[in-house]
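For reference, the structure discussed in these notes is given below.
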Amino acid sequence: MKAWWQQLNLREQRLVMAMSAVIAVFVLYGLIWQPLNESIAASKLKLERQQTLLAWVEENTQRYQQAKRNGAMNSSSASLSSIVNRTSRTNDITITRMQPQGDDLQVWIDEISFNQLLSWLEQLASRENLQVKNIDLSSADQEGVVRVRRLQLGKS
């Protein structure tokens, strides 16, 4: 290699050195600088998304805790039958019969859409802190409609 270098005239040596410098710059840029900058940009974007998610979680946690406190106060002061009557009216559900069973309440409904029943039960569980202790369903004549033979609700 040294013999080859000495064999070149001064002008060719300068040209080879200049090309070596240009190639070195491109190699450094392509293999080190550019991937590093892309990684930093991706990390910044990920950090921004995580901070946005954190802000959303904190905001909704406060809403949830406030709603939970308000819901717990509302449901603890009202009786089971008044909660069931109120929520059934707002969900347009006709209750056939209600009967207290110790601390629980048994409910009968002639016909109700299954999806409407599930929505109502979810509302009772999440907003009113009631739990379904027992349920007995049978299918009705129409598709997607059920009869609630017995639904036992209690406070959780």
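The values are calculated or read from the model by the stated rules, or taken from the named source; none is laboratory data. What you are looking at is a predicted structure, and each value in this text was computed from that prediction instead of being measured. Cβ atoms come from the backbone with ideal geometry, glycine included; neighbour counts cover every protein chain shown. Heads up: the accessible areas ignore ligands, DNA and RNA and are worked out on the full protein's heavy atoms, side chains in. Shrake-Rupley method; radii C 1.70, N 1.55, O 1.52, S 1.80 Å.
What to note about this one:
- Residue check, Ile40 open to solvent by 50 Å² or more (accessible area, probe 1.4 Å), part of a helix (DSSP H, G or I) and among the β-branched types (Val, Ile, Thr): yes
- Looking across Thr87, Thr94, one residue alone is modelled with pLDDT of 90 or more, under 26 Å from Arg63 (Cα atoms) and either among the polar types (S, T, N, Q) or assigned to a helix (DSSP H, G or I) (or both). It is Thr87.
- Residue in region 4-25 that is open to solvent by less than 100 Å² (accessible area, probe 1.4 Å), under 30 Å from Gly154 (Cβ atoms), of a type in the set (A, V, I, L, M, F, W, C) and in contact with a helix residue (DSSP H, G or I) (Cβ under 9 Å, 6 or more places away or on another chain) present: no
- Answer from Leu121, Leu105, Leu153, Leu137 - the residue that is assigned to a helix (DSSP H, G or I) and either surrounded by 15 or more Cβ atoms within 10 Å (Cβ to Cβ) or touching a residue at least 60 places away in the same chain (Cβ under 8 Å) (or both): Leu121
- Test: Glu143 is of a type outside the set (A, V, I, L, M, F, W, C), part of a loop (DSSP other than H, G, I, E, B) and within 27 Å of Arg63 (Cα to Cα): no
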